[in-house]
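To start, the structure itself, in structure tokens.
Every number here is computed from the coordinates shown, using simple stated rules; none is lab data. Note that the structure is a prediction, hence the values are computed from the model and not measured. Quick reminder, even Gly has a Cβ in these numbers, built from the backbone with ideal geometry, and neighbours come from all protein chains shown.
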Amino acid sequence: MGAFILYTEDVETFFGPGSWYRDFFDDLKNGNEVLGYCLNYTEGSQIEQGDLIIVMEKGKYEPLLVAIGRATSDYEHVTDGKHKGHVIDIHFDFIIGEHKDFTQFSVLLKNSGIDLYELQKQEIPISSELAEKLIKRFAVVHMAAPYPRSNFAFNPKRDKKQLLCNYLNNFCPEFRQEIIDKFPFVYHNYKEGEVIDKSLIDLTYDKSVKHFPGLILDWNRLFDIVRPRA
């Protein structure tokens, strides 16, 4: 699976006219199921089904995180009555509200040699290594900190920590392997002593860990929370 940053000057323009962005945020906050978003897009996109999608907006000082999701279709050309042109279907699991203060994402990008202001592109493919750093950064803020700084939304009918673990499992292969090697399994689909197909191991979290004091941005603290599930 690949990973892409979709970069926009203005998030309202990116998501289309009207208040779709705010409505989507409110729907997630209120527990309404949001199936996805069909993004009208330019010809020639490299995005494929299953790819990680990170939307970032040009901020006053640094680019800011807007949303995280997955492509649920390949880039395709459609001519039906509802959508015309080049489109990609995206399911956003997390969307950031009015306080998009994830400037640490910008730091990670710059440390990896990516300057969004210089590139001036809407679609930016990123390496699996950088994608892993970005997802771990997002996860630690919302799994290890009792009071996350950003106002963000996800479907409250879903388990936030497990949803984050799913992203760690799918887009952080090195971290996933470290967890599998380091900790005993939480048995879910297997019984203790059974032969385990390691390709079916996923990640869950230690429910006994409630929070840590203060705001913790060190992603190594994820080793105190995340566990392999077999």
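Say the cut-off is 25 Å between C-alpha atoms; which of 136/182; 121/161; 136/160 go over it?
Values: 136/182 17 Å; 121/161 32 Å; 136/160 14 Å.
Result: 121/161 exceed 25 Å.
Arrange the peptides 131-139, 118-126, 160-168, 172-180 so that the one whose residues have, on average, the most other Cβ atoms within 10 Å appears first.
Ranking, from highest mean packing down: 131-139, 160-168, 172-180, 118-126.
Taking 41 Å as R0, compute the FRET efficiency from the Cβ-Cβ separation of residue 192 and residue 112 and round it to 0.05. Each step should come with its number before you reach the end.
Working: r = 41 Å, r/R0 = 1.00.
After rounding to 0.05, the efficiency reads 0.50.
Less than 13 Å Cβ to Cβ from residue 13, Lys/Arg counted +1 and Asp/Glu -1: what total charge do the surrounding residues give? Could you put the intermediate results ahead of the total?
Values: positive: 58; negative: 9, 10, 12, 57.
The answer is -3.
How much length, in nm to one decimal, is gained on full extension between residue 218 and residue 142, taken as 0.36 nm per residue of separation minus their Cα-Cα distance?
Working: separation 76, 0.36 × 76 = 27.36 nm, distance 1.20 nm.
Gain on extension, residue 218 to residue 142, equals 26.2 nm.
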